[in-house]
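K.L.:
Here it is, the structure, as structure tokens.
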Amino acid sequence: MKKLSLSIIAIAGIISAPLSFADDPAMSGFTSSIQSQNQAQTQAPSLNAAAPGKVSATMSVLADTKTKIIITNTSKTAIKVEIPGTTISDYLNTNTHDYIRNADRTMDTQIVLKNAYGAQIWSGQVCNHTIIDVTNEVNTYNYIIDVDRFCR
């Protein structure tokens, strides 16, 4: 009888585990240029052609999606970009961009920035069209968040 009870509990746990860890449906639809690049190594993403210093020139492309966040790492070390509730967890090497998009929704988005060792640098809500530039000096990280001109 004990074995039967334990077996039923184990089966119920196995069945319910995927449901309890499912992504939030409100956070679906997010993509990133880093993930797209990793998934299709043979195709060069068109937005990666912009140099880090020319992010403002790429702002005209913001009109094509409802949510688009540009994160630029101009620091001397890699950083990690995460969006809680999604599969986005990208490593940005130095002098690279990450374009976070959601073509379906116009929404504020929670962004978490971490250093190469996984320690959180910054976390916060940003609007649907934001530019985040991360730089660093020895043992410190600086970030500039530009939201005023492009948020709707």
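The values are calculated or read from the model by the stated rules, or taken from the named source; none is laboratory data. Since we're looking at a predicted model, the values are computed, not measured. A quick note on method: Cβ atoms are made from the backbone with ideal geometry, for glycine too, and the neighbour counts reach across all protein chains shown.
K.L.:
Just checking, how many residues over segment 78-136 are assigned to a loop (DSSP other than H, G, I, E, B) and in contact with a Gly (Cβ under 8 Å, 6 or more places away or on another chain)?
P.N.:
Count: 3.
K.L.:
Would you check which residues across segment 94-112 are under 14 Å from the mean Cα position of the chain (by Cα) and free of Cβ contacts under 8 Å to residues at least 40 places away in the same chain and list them?
P.N.:
Selection gives D108, Q110, V112.
K.L.:
Touching a Cys at 6+ places or on another chain (Cβ under 9 Å) and at pLDDT 85 or above: which single residue out of T86, T77, T109, T72 fits that description? Working first, answer last.
P.N.:
Values: T86 fails: touching a Cys at 6+ places or on another chain (Cβ under 9 Å); T77 fails: touching a Cys at 6+ places or on another chain (Cβ under 9 Å); T72 fails: touching a Cys at 6+ places or on another chain (Cβ under 9 Å).
Residue meeting the stated conditions: T109.
K.L.:
Just for segment 84-142: of the residues that are closer than 14 Å to T74 by Cα and of a type in the set (S, T, Y), which one is surrounded by the most Cβ atoms within 10 Å (Cβ to Cβ)?
P.N.:
T96
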